[in-house]
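I have placed the structure first, in the form of structure tokens, so that the comments after it can refer back to it.
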Amino acid sequence: MHADKFVIPAEAASATKLETDVEVLRAQAGLYAFLGRCLESEVDQALLVALRGPLRDTLAELGIDIGEDLRSGAPKEVLADLGEEFAALFVVPGAVLPYRSAYETGRLFQPQADLATAAYRDAGFDFRNILSGEFPDHVAVMLAFVGRLLERQAEALEAGNTDAAAEWQRRREHFLLHQIGGWAVGWSRRAQSCARHPFYIAVLGLAEQVLWADIGDIADEKTLKRLVKSNRRPLVKQKTDHAFRKASGF
């Protein structure tokens, strides 16, 4: 019996590949959305329930150890511990501020925030304030934006619009290389080195891995070397600035 008796018809093979591509894009979108949520605000009751339930196996497959206390501790105590860790890492004076502007200039809401806003608007998204102190170049907002672009690419592919899918992919790759790639990996590594709770150690480590993997897939050798160097630069000392502008969130 000849092997070619079992060749998949071209139409079926194409449909199977499309389904696979859409599934992968949606999985990536979900991963970016999860990272954005974890870095945007404290873990609340709803997220804790998800971490203990629907997300538990998925995170385990990704090698994420959320910690025994988070898995089985008293919810009130767990949420209080996580809230304290979140504030210490990302909010209070001396924290590793999760903004591109702060990372690169030592000040909040610098031109880096305007560049992020322009990318959101150009893609058809409005950025509105959800949380106090949430600026357009917050790492969580930027990760969430990548997730949205992945969703749009998946939707375009499903609709058979390959031109639109290619454009969403172009936007995503450009944003990763030019707005996230030069700082978010280094920021994640520094924040992880300051973290004490297993959950945030794991989330920040996952963010670093996901970003490097995606950037490595799309960057040429010269660009990759530049981004590696940029992420290794010394941390800029935070400057006191009481006149920084307010911004808005997705």
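The values are calculated or read from the model by the stated rules, or taken from the named source; none is laboratory data. Given the structure is predicted, the values throughout are model-derived calculations rather than measurements. A quick note on method: Cβ atoms are made from the backbone with ideal geometry, for glycine too, and the neighbour counts reach across all protein chains shown. The area values use the complete protein model at the heavy-atom level, side chains included, leaving out ligands, DNA and RNA. Shrake-Rupley method; radii C 1.70, N 1.55, O 1.52, S 1.80 Å.
Data table
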item	result
Single unsatisfied condition, residue 155 versus (1) at pLDDT 95 or above; (2) in contact with a helix residue (DSSP H, G or I) (Cβ under 8 Å, 6 or more places away or on another chain)	(2)
Matching entry among 26, 71 (being assigned to a helix (DSSP H, G or I), modelled with pLDDT under 90 and surrounded by fewer than 18 Cβ atoms within 10 Å (Cβ to Cβ))	71
Hits in the range 29-61 - residues which are modelled with pLDDT under 95, polar (S, T, N, Q) and either assigned to a helix (DSSP H, G or I) or in contact with a Pro (Cβ under 8 Å, 6 or more places away or on another chain) (or both)	58
Residues satisfying the stated conditions in the range 89-123, i.e. open to solvent by 60 Å² or more (accessible area, probe 1.4 Å) and part of a helix (DSSP H, G or I)	111, 114, 115, 121, 122
Positions within the range 197-236 being touching an Asp or Glu at 6+ places or on another chain (Cβ under 7 Å) and surrounded by 14 or more Cβ atoms within 10 Å (Cβ to Cβ), in sequence order	197, 198, 200, 202, 218
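Residues are listed down the side, and each one gets a yes or a no for (1) polar (S, T, N, Q); (2) in contact with a His (Cβ under 9 Å, 6 or more places away or on another chain); (3) surrounded by 21 or more Cβ atoms within 10 Å (Cβ to Cβ); (4) closer than 24 Å to residue 206 by Cα:
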{"position": "126", "(1), (2), (3), (4)": "no, no, no, no"}
{"position": "151", "(1), (2), (3), (4)": "no, no, no, yes"}
{"position": "155", "(1), (2), (3), (4)": "no, no, no, no"}
{"position": "158", "(1), (2), (3), (4)": "no, no, no, no"}
{"position": "165", "(1), (2), (3), (4)": "no, no, yes, no"}
{"position": "169", "(1), (2), (3), (4)": "yes, no, no, yes"}
